[in-house]
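Reading through the structure tokens given below for one structure.
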């Protein structure tokens, strides 16, 4: 557009005609669409964000006790992990369709479906993180008179945090993407715009909503990286000390992608443990 | 409860299984599209992953591909492709989208599997005078097999799910039964379609697990592993780091 404007002498005329044209010509990229439907885009984005946040938050609240249960009782680990894996195998359209008779056509269908998907990733990662806490650290904390609750929240949870956050990032990013399918019941956030754009063959609407959706996923991921850094200051201290900064950061990225859809970011505790351990020992000693 | 008995009745009626929009025809479309796209994806992804893994190059690409694949909504890609000039070419938008989403899990897992083949074993094989090709086929490939199969399973589940979504963008497959049900406010049909899709996805996963066990080149020789993914994961990660 800008090159076009600069090559034509009568830019004012083209500018006046341009915006109308891009809607009429059904261009993929159309600034006029964003200007005239700003409110619609904002509403869809807000719906997208709250569906995602609600799903991941509820998922985390359910996944944590499930992971504790799976760790406490050996017999429970198999069924818990198996069931969440089976849930993950069910395609999202089928999941929403199955939940519709239960909740009617409402946002609850979408949120419940997304919660069930996030469980798979979150339970695995929290469990792997907790299991990777070294036994000596636990012994030391017990020896210092830590009760089970304090042990969990002040020693084990901080050490499992990198694994938990890796899982949370995977769960959030895939939830942002999957929310679009909620359009099938009318609660898909930006997916609703993609849907209506498809019905009306409105290219700018589809592309704008799609790009916003990917941007949301990226922003959410970056925010979570920030939260993780704020919550685990010892890893940064370690980086500065050992100079292994690049390796540490890269590793997290790689782990997320490890399992494709299966998303076992779970291995991270290995790295998290070795990094966290020294720090924790210092803190305990 | 009404929905469950209704869906049962829907599945029991022979009329719903026959004809152009019947279950058999939709199932045929679904399976055919899935198999074709999975085959294309394997042909594209596995040679690249095995070669890169053998050379030990391109790791960042292979690992980040899966992250990107996760952030991009399948539905958006399907609709974008349908509205593009490709949309007039029948099944092609669906096929392209399917391949795009099946390649990342295949590539990433196969690459990681190759990289994590025990270095000592690889060194020993090289010391015994194995050529690069022998090393690849007789040492690294068997060691990478479990992860390659994990990738294949992820990709298959992804493909079955994506074909279902293609119905939203006007494609064929079992998803059509669900979308048609939503269109007619016919809850029993929606539930029946969902049961069929979920059943197919679980069947595919189960069959691939069985195939993985049967075709394992090191069947019975692999060190016992206690869990399928969860337990094995930590070892994978540390080795990759």
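Just so it is clear, none of the values below were taken in a lab; they were calculated from the coordinates. Note that the structure is a prediction, hence the values are computed from the model and not measured. No Cβ is skipped: glycine too gets one built from the backbone with ideal geometry, and neighbour counts run over all protein chains shown.
Below is a table of values for the structure above.
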{"quantity": "Förster radius 35 Å - calculated FRET efficiency between residue B:211 and residue B:15, Cβ distance, rounded to 0.05", "calculated": "0.50"}
{"quantity": "Estimated inter-spin distance, residue B:2 and residue A:140, nm [label 7 Å along Cα→Cβ]", "calculated": "6.3"}
{"quantity": "Gaussian network model of chain B, springs between alpha carbon atoms under 10 Å - residue of B:89, B:198, B:66 with greatest fluctuation", "calculated": "B:89"}
{"quantity": "Inter-site label distance for residue B:32 and residue A:40 at 7 Å from Cα along Cβ, in nm", "calculated": "3.7"}
{"quantity": "Relative contact order %, the range B:2-240, counting alpha carbon pairs below 8 Å whose residues are six or more apart", "calculated": "25"}
{"quantity": "Semi-axis lengths, Å, the range B:79-208, gyration tensor of Cα atoms, sqrt of 5 times eigenvalues", "calculated": "41, 18, 8"}
{"quantity": "Full-stretch length increase - residue B:203, residue B:118 - with 0.36 nm per residue and alpha-carbon distance subtracted", "calculated": "27.3 nm"}
{"quantity": "Sequence ranges A:176-187, B:50-61, ranked by mean other-Cβ count within 10 angstrom, highest first", "calculated": "A:176-187, B:50-61"}
{"quantity": "Dimensionless Rg/Rh of the range B:2-240 - Kirkwood Rh, Rg from C-alpha atoms", "calculated": "1.06"}
{"quantity": "By average C-beta atoms within 10 angstrom, highest first, the peptides B:139-145, A:74-80", "calculated": "B:139-145, A:74-80"}
{"quantity": "Ranked packing of B:175-186, B:94-105, most packed first, by mean Cβ within 10 Å", "calculated": "B:94-105, B:175-186"}
{"quantity": "Computed E for residue A:222/residue A:105 - FRET, C-beta separation, R0 60 angstrom, nearest 0.05", "calculated": "0.95"}
{"quantity": "Cα convex hull of the range A:45-166 - mean projected area over all directions, nm²", "calculated": "8.7"}
{"quantity": "Tilt relative to chain B, helix B:187-215 - C-alpha long axis, 0 to 90 degrees, to 10", "calculated": "20"}
{"quantity": "Principal-axis tilt of helix B:74-83 within chain B, Cα atoms, nearest 10 degrees", "calculated": "70"}
{"quantity": "In nm, spacing of pseudo-spin labels at residue A:24 and residue B:134 (7 Å Cα→C-beta vector)", "calculated": "7.4"}
